[in-house]
Every structure is written in structure tokens, then in C-alpha cells.
1. Search the structure for amide H atoms under 5 Å from the amide H of residue A:49, placed 1.01 Å from N in the peptide plane, and list their residues when 5 or more places away or on another chain.
2. Evaluate Rg over Rh across chain B, taking Cα atoms for both radii and Kirkwood's formula for Rh.
3. With label points built 7 Å along Cα→Cβ from the Cα atoms of residue B:103 and residue A:152, find their separation and express it in nm.
4. Gain in length, residue B:6 to residue B:281, computed as 0.36 nm per residue apart minus the alpha-carbon separation, to one decimal in nm?
5. Ignore the peptide's own chain and count Cβ atoms of other chains within 10 Å of each Cβ in B:127-134; give me the average, rounded.
6. Counting DSSP beta bridges with both partners in region A:81-228, what percentage is antiparallel, nearest 5?
7. In whole Å, how far is the Cα centre of region B:13-68 from that of region A:33-76?
8. Which of the three applies to region A:246-302, rounded, prolate or oblate, going by the alpha-carbon gyration tensor with a ≥ b ≥ c and a/c under 1.5 meaning rounded?
Number of protein chains: 2
Amino acid sequence: MRQAGRYLPEYRRIRGGDDILETCLRTDVVVELSLQPCRRMDVDAAIVFSDIMVPLAAVGVPVRIEPGRGPLVDEPVRSSDDVSRLRPLEPDVDVPHVLEAIRLLRKELDVPLLGFAGAPFTLASYLVEGGPSRTHERTKALMYAEPSTWDALMSALVAIVLPHLRAQAEAGAQALQVFDSWVGVVEPNAYERSVLPHMERLFAGLRDLGVPVIHFGVGTGELLPLMRRAGGDVIGVDWRTPLDVAWQRIGPGAAVQGNLDPVVLSAPFEVVAAEAERVLSLAAMRDGHVFNLGHGVPPGTEPDTLRRLVELVHERTQRPGNRSA
Amino acid sequence: MRQAGRYLPEYRRIRGGDDILETCLRTDVVVELSLQPCRRMDVDAAIVFSDIMVPLAAVGVPVRIEPGRGPLVDEPVRSSDDVSRLRPLEPDVDVPHVLEAIRLLRKELDVPLLGFAGAPFTLASYLVEGGPSRTHERTKALMYAEPSTWDALMSALVAIVLPHLRAQAEAGAQALQVFDSWVGVVEPNAYERSVLPHMERLFAGLRDLGVPVIHFGVGTGELLPLMRRAGGDVIGVDWRTPLDVAWQRIGPGAAVQGNLDPVVLSAPFEVVAAEAERVLSLAAMRDGHVFNLGHGVPPGTEPDTLRRLVELVHERTQRPGNRSA
């Protein structure tokens, strides 16, 4: 919900038809796009404008993002030879523009700034499938059939994602979000065996930074206890799992983020308000809730709907505990 | 798992490049394709070869199925005018070939025969989106923004699906499966308000037939109690939800079907066996389990892997209660 994007006319005006990965290299544009949502609405935080494929492109993976389709990797990663070509990320050399944008944004913003990265499983899916997938079949097939290649791939991705996240915090990001958007397709036992150990290393590697970390996925109802075990001060929950149920599964000690279905935003505002109230009434049961959408803002959303939604959430939540992690 | 399909060379030989909806009209071919999996392996039931779009095509919806893409509806259904053009199904007039195939199959088979249909939400998604979708955004947007158009659409679909299922049972199908494959994208409160009432009417309309009904969906972990309330003697569970958890949510009085992740089938057989054993050991906790995949057979699957899997399940499950609903 704090993201810049196609739902903003001022975003479309600046981006035009430019390649998104090219856009992410232009520090001035990144700063402007990151600020846009904050000018429109009274959000409690900003997130640096980027793409989860940025660090992969930065270490030389031939990735391009096709409008309307998503990230495409022309030479998919499916063998241990392919994996061995993935090198660790050196933030100062590979993503200086992201770090510079964060430094500049900190000077502009009076709300906290979030950095982010895609999680290893979700990045692995794009690398193995060669593009977006509904079922992530090839990815999971590699995980089941070739566990040592899989573990090498996940380790290589931790060596890209972890330095990227650390560098963002060191440049000034006051919280970090780890997007494991597609991990909800994994069977819980397989998650525990093939994903959890890598996620534990990732979160352990962030601990000394002292910044809150949000751990997000879609369709992860059954994975919530394992995601909590992996790490994260805040666990993202999509609309499929009611917040009270999510809290039960996550247990004490972590906050939840979510979980309005973004599709609701296209309905008349009284419907948006009613659904937001439902989320807030469940959230009121316990401290530690970050109001958010269960996933990204749909491109057709009216910016004013979001502005009114932020206003409504602020009206209803007086306690600061409900407003940030 | 009992389905005919692209993983069988004898299926590809017969289907060739023919349109699948055309194929479904040819009774002799439907009978042959339905029998193919039973010749290859010792499955406990057969399912009539068809497609969930067959009854929609039969009432005049301009639907075509594009290989590799799925069902496409050139004039999507998005207004109450569009909905008013959907007429109820008259089975003897509209789908005589399906009913004739069922009658012929009953003479050939020595295992029970299943009939099936897509559930209203899943069919609505194809009609509203105009094709397959990852997010089903337009469908849910209609549900939230125009509840009366939505209810009219769901009612029109019940008037197609219910007679179709009844006629299949009356023609000889010994069990029925209702595929609500995509309903897992719906938030539980929205399911209760906008899907459940229609599903309750559908299942109530099947009750006097006296045949067991399987209620299936993907990613429905949080919806299981509501799906159980809607109806069905067996609730299908995909691999995301462990069977013991599914049983807790479903409560007593219904069986479960599932839930091996189909992707496992591409791994070496020892992996397939280990994952099947895991499912069976959870299933052994209670009576009333139908072993099955959590979703369809991936096209690249080796038929022999499935044959060996059926053998393994039969070896491990001596009690008939574990083998059929």
C-alpha cells in the first residue's frame, strides 16, 4: 500500500514506456517515485522504489521485465553449472544507486523509510521458471528432485539478498521487508526442509542491524508458524487468513501486517470502508498490527480511494501500536 | 489422479491436435479416453472424460479452449445484461453425449465411475475474466462492487451445474466431484456472503440422489470449514494443508481427499514414495481418506510413476475405508 505504481498518474507520467530496471538505476527518478505516494496520502512510512529483480540484474543475471508479463530470464537456472555462475552481491559496486536513493530519501522524508528484497524462494522461482508462473512447477520439481542443486541455488541467493538488505539498512532504511511472495505454493514439510534453513540464515544475518524486519508472503496460511520460526518481527498475512487466525498460528512476540484484499479497492467506498473496519476490528484484539493490503495495489485503483482509506485507518486507530511495527 | 490426460501417449495419439470441446462431443472417444488410465493402472475409480467448460458451451456461451492457455471467453460476462443471456441447462438436449458416455462406461468398468462439474465460482471466473487468471481480480471485483449482478450470475450457474450433475448421476455416475478449483482466492467472509449460499443450494439439490459428492478446491485451507458447511461427503484438500490440520478444520462426518503435491511426481521414485508415505501416515489417523493428488497430473509425468504410486498406496492401505469414499 505504500508502493509507488501504475495507479498514480504522476507515476505513469514519469515512467512512460521506460524499462523498469533502467528506471531503477536513475537515482533522481527513484527518489521522486518513492516520494509520490507520500504526497498523495498521509501514509506512515515510505518504501524505496525498486524491483525484486534489481539485485539479480546487478550481479549479471540476464533479466528483463516485460510490461504486462513480468520478469523474464532468457537463460533459466536449472543445473549446478547454472547456479555456479551466480556471484555474491557487492552492494557498493553493484547497487550504489539504490543506496544513494535511500540516503537522499532519508533527507526528504518525515516518515520511516523501508528497504526491501525478494526472498530466495521467490527469486529462485523466476530464475528456474524463466518467468512468472502460476504453479511454480519447475521450481518445486528442482527442489524435490535435486536437493543439492536446490540448496546451492538458495545459498547463492542468500549471498545476494543478505548483503543487499544489510546495505539498505546501513544506508539509512529504518525497516526492511522481505518479499517471499510465491512461497505459499510450497507444502509445509518441504518448506521446513528446503526453504526454512536458508531463511533462518537470512534473518540471522540481519539481526545485529537492529531494524525491524517484515516477512511477507501470499497464500501462506499454513506456513505462518514456519515463517515466524525463520524470522521477522512482523509477519505479512494476505486476505485469505483472518488476522485472529494468523495471530494464533504465529504465536506471541511478532506483529502482523495486512490484510485487506486489494481487489476491494475497486468497489464503492462504503464497501472499502466496511472491509477495512472488519480488518481493524480483528486487529484490535491484540497489540502489534500494521494495516496494509494483502498484496500490491491493482493498477486500476483510484488514488483517492487509497487516500480516504489511509484517513479512515488513522481515524479508527488512535494507539501508535496499531500504526507501525 | 484418475484423469485421462496429456501424460498418456495413447491419449495424445487419439486427441492429436483436435479441439478438446469437439472431442468431448464424440461419445466413442470420450469412452476410450475415460478407460485409458484404468488400463494402465489399478485405480479404484474412473472419471468420465470431459471439461468443466462443456456445460457452458452447451448452453451457447462462446467458449473455446486454446492449447497451452486454457478456456477463453471472447465476450466476457460482466453486466446483468450479460448474465441474463445465460440459460439453464437441459441435460437431455444440451449434453446427451456426456450422459451416453456415462451409460456406455458403466457397462465397461468394474470400478465406480465419477461424474463432475466445475463449481459456480470457478466457472464465473472464466466467464468474467474472459480466460484463465492468476488473481481472479475482475471476478472478485464484480463480487464486491455489484453484489446483485454477482448473485444473479452465481444463480444462473447453479441452474447450469445442478442439472448437469443430477443428470450424470441419473445416467449412472456413482459419485460426483464438484471442482471449485479457484475459490481459494476468496477471503473467508466474502465466501460466506457471496459463494456459500449458492454452494448450499447446489449441494442441497444433489442430496436425494444418494451418491457421494466430493467438494474440491486448491489453496482453500481457510475455507475448509465453510466448504464443509456448503456440502460434500468428501472435501478435497491440496498439498498446502496437512491432512491432520484439514481434518481438524472440517470436523467429523466428512472424509478428506488428497493431498500429494503433483510436482513430486517428476522426482525419482524414492522421493515420490517418501512423500506418499507421509500423506498416508497422516491419513491413518482417522477413517475416511481418498488418496489422491492435490491437483491434476502434470503433462510431463511418466505414466509408470503413477502406476507404481497406485501400487504403493494399495500395499500400504489394507482397509477398504482408506480406498474409497
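The values are calculated or read from the model by the stated rules, or taken from the named source; none is laboratory data. Nothing here was measured: the structure is a model prediction, and the numbers come from that model. Note: ideal-geometry Cβ built from the backbone for every residue, glycine included; neighbour counts use all protein chains shown. Areas reflect the complete protein model, heavy atoms only, side chains present, ligands, DNA and RNA absent. Shrake-Rupley method; radii C 1.70, N 1.55, O 1.52, S 1.80 Å.
1. So residue A:49 has HN proximity to A:34.
2. 0.94
3. Spacing of the two 7 Å Cα→Cβ label points: 6.1 nm.
4. Contour length minus the Cα-Cα distance gives 96.0 nm.
5. Taking the mean over all residues of the peptide, I get 1.
6. Counting DSSP beta bridges with both partners in region A:81-228, the antiparallel share is about 0 percent.
7. About 42 Å separates the Cα centre of region B:13-68 from the one of region A:33-76.
8. Prolate, since a/c reaches 1.5 and a/b exceeds b/c.
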